[in-house]
Amino acid sequence: MAALAREDGARGQEQGRRGCEHYDRGCLLKAPCCDKLYTCRLCHDNKEDHQLDRFKVKEVQCVNCEKIQHAQKFCEECSTLFGEYYCSICHLFDKDKKQYHCESCGICRIGPKEDFFHCLKCNLCLAINLQGNHKCIENVSRQNCPICLEDIHTSRVVAHVLPCGHLLHRGYRCPLCMHSALDMSRYWRQLDDEIAQTPMPSEYQNMTVDILCNDCNGRSTVQFHILGMKCNICDSYNTAQAGGCRISLDQQ
């Protein structure tokens, strides 16, 4: 799986750092929605019953002299640095992580910028090694992760581009198309060994079943086994039963 560029975000809370558990910064944001002061939009959203619109932030408060002022990189009163990186569009203040603002994504991403490109069809920033080497799905990030249900486009958690083109935060199988998300060949070989060492009871040994492979979309008829049914076409165990079990007539 290959990573896409994630939104600039969380870091572990470190002793001696300014800011909050999410960002290292020397100011508080004045929320335009409720006029309350919070270190970041995430801290605001965790406490309030509404969300802070990052793009509407106009004022910040210096953590040193407490002067409220227009959002900017340095305090106009005491020259405190609010953030090594500052985006005047997202109003993002943080330590330098090689961030860049992507106009097409509409938000800041963690770079370096030269390591990523914006795919116009997928409508998100992807690792440069995927340029011309991935399956495009229109606006693929403008949805929630099908497993954790977090918004993928603005998530601070690294998502991955699966071979099927869908995005996922974690998991070994895409829940949208059911294709394997990883190279599972090593696990399939282990399953071969387990099945060889686990014979079915005699009443099931001549039983066959029709299966549909989620990886190659092929259909085949195989011997039933409780541990898994292997596709005869691509050797994947990522299969689903497509019919009832039956006794093989030529083995009765």
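Please go through the range 116-160 and give me each residue that is without any contact (Cβ under 8 Å) to a residue 24 or more places away in the chain and over 25 Å from residue 175 (Cβ atoms), ordered by number.
Result: 117, 118, 120, 128, 131, 132.
Could you figure out which of (1) within 30 Å of residue 139 (Cα to Cα); (2) of a type outside the set (A, V, I, L, M, F, W, C); (3) in a loop (DSSP other than H, G, I, E, B) isn't true of residue 83?
Of everything listed in (1) within 30 Å of residue 139 (Cα to Cα); (2) of a type outside the set (A, V, I, L, M, F, W, C); (3) in a loop (DSSP other than H, G, I, E, B), residue 83 misses just condition (1).
Could you tell me whether residue 204 is of a type outside the set (D, E, K, R), open to solvent by 40 Å² or more (accessible area, probe 1.4 Å) and closer than 30 Å to residue 124 by Cβ?
On the way: of a type outside the set (D, E, K, R): yes; open to solvent by 40 Å² or more (accessible area, probe 1.4 Å): yes; closer than 30 Å to residue 124 by Cβ: no.
So residue 204 does not fit the description; no.
Filter the range 90-104 for residues that are touching a strand residue (DSSP E or B) at 6+ places or on another chain (Cβ under 6 Å) and either open to solvent by 80 Å² or more (accessible area, probe 1.4 Å) or small (Gly, Ala, Ser) (or both) and give the result.
Selection gives 96, 104.
Cβ-Cβ distance below 6 Å, separation of 6 or more or different chains: which pairs start in the range 27-56 with a residue that is surrounded by 18 or more Cβ atoms within 10 Å (Cβ to Cβ) and end on one that is at pLDDT 95 or above and of a type in the set (Asp, Glu)?
30/59
Go through 105, 78, 90 for me and flag whichever is of a type outside the set (Ser, Thr, Tyr), assigned to a loop (DSSP other than H, G, I, E, B), touching a residue at least 24 places away in the same chain (Cβ under 8 Å) and under 24 Å from residue 37 (Cβ atoms).
On the way: 105 fails: under 24 Å from residue 37 (Cβ atoms); 78 fails: touching a residue at least 24 places away in the same chain (Cβ under 8 Å).
Just one listed residue meets the conditions, 90.
Can you tell me which residue in the range 62-75 is farthest from residue 19 (Cα to Cα), limited to those that are part of a loop (DSSP other than H, G, I, E, B) and among the aliphatic types (A, V, I, L, M)?
Residues of the range 62-75 that are part of a loop (DSSP other than H, G, I, E, B), as a first pass: 63-67, 71-73, 75.
With among the aliphatic types (A, V, I, L, M) added as a condition, the list becomes 63, 71.
Working: 63: 9, 71: 16 Å.
Out of the qualifying residues, it is 71.
Name the residue that is nearest to residue 207 (Cα to Cα), counting only residues in the range 219-236 that are in contact (Cβ under 8 Å) with a residue 40 or more places away in the chain and open to solvent by 30 Å² or more (accessible area, probe 1.4 Å).
In the first step, residues of the range 219-236 are kept if they are in contact (Cβ under 8 Å) with a residue 40 or more places away in the chain; the result is 230, 235-236.
Adding the requirement that they be open to solvent by 30 Å² or more (accessible area, probe 1.4 Å) leaves 230, 235.
On the way: 230: 14, 235: 19 Å.
Selected residue: 230.
Take the residues of the range 57-75 that are in contact (Cβ under 8 Å) with a residue 12 or more places away in the chain and of a type in the set (S, T, N, Q): which is nearest to residue 91 (Cα to Cα)? Can you show your working first?
Step one: filter the range 57-75 for residues in contact (Cβ under 8 Å) with a residue 12 or more places away in the chain, giving 57-65, 68, 70-73, 75.
Among the residues that remain, those that are also of a type in the set (S, T, N, Q) are: 61, 64, 72.
On the way: 61: 13, 64: 19, 72: 8 Å.
Within the range 57-75, the match that is nearest to residue 91 (Cα to Cα) is 72.
Across the range 16-58, what is the total count of residues that are touching a helix residue (DSSP H, G or I) at 6+ places or on another chain (Cβ under 8 Å) and assigned to a helix (DSSP H, G or I)?
Within the range 16-58, residues that are touching a helix residue (DSSP H, G or I) at 6+ places or on another chain (Cβ under 8 Å) and assigned to a helix (DSSP H, G or I) number 2.
In the list 156, 173, which residue meets the criterion of being touching a His at 6+ places or on another chain (Cβ under 9 Å), open to solvent by 20 Å² or more (accessible area, probe 1.4 Å) and under 19 Å from residue 135 (Cβ atoms)?
Selected residue: 173, the only one of 156, 173 that is touching a His at 6+ places or on another chain (Cβ under 9 Å), open to solvent by 20 Å² or more (accessible area, probe 1.4 Å) and under 19 Å from residue 135 (Cβ atoms).
Picking from 136, 125, which residue would you name as being surrounded by fewer than 18 Cβ atoms within 10 Å (Cβ to Cβ) and within 21 Å of residue 104 (Cβ to Cβ)?
Numbers: 125 fails: surrounded by fewer than 18 Cβ atoms within 10 Å (Cβ to Cβ).
Selected residue: 136, the only one of 136, 125 that is surrounded by fewer than 18 Cβ atoms within 10 Å (Cβ to Cβ) and within 21 Å of residue 104 (Cβ to Cβ).
The values are calculated or read from the model by the stated rules, or taken from the named source; none is laboratory data. What you are looking at is a predicted structure, and each value in this text was computed from that prediction instead of being measured. Don't worry about glycine lacking a Cβ; one is built from the backbone with ideal geometry, like all the others, and counts go over all protein chains shown. Just the protein is used for accessible areas: all its heavy atoms, side chains included, with ligands, DNA and RNA removed. Shrake-Rupley method; radii C 1.70, N 1.55, O 1.52, S 1.80 Å.
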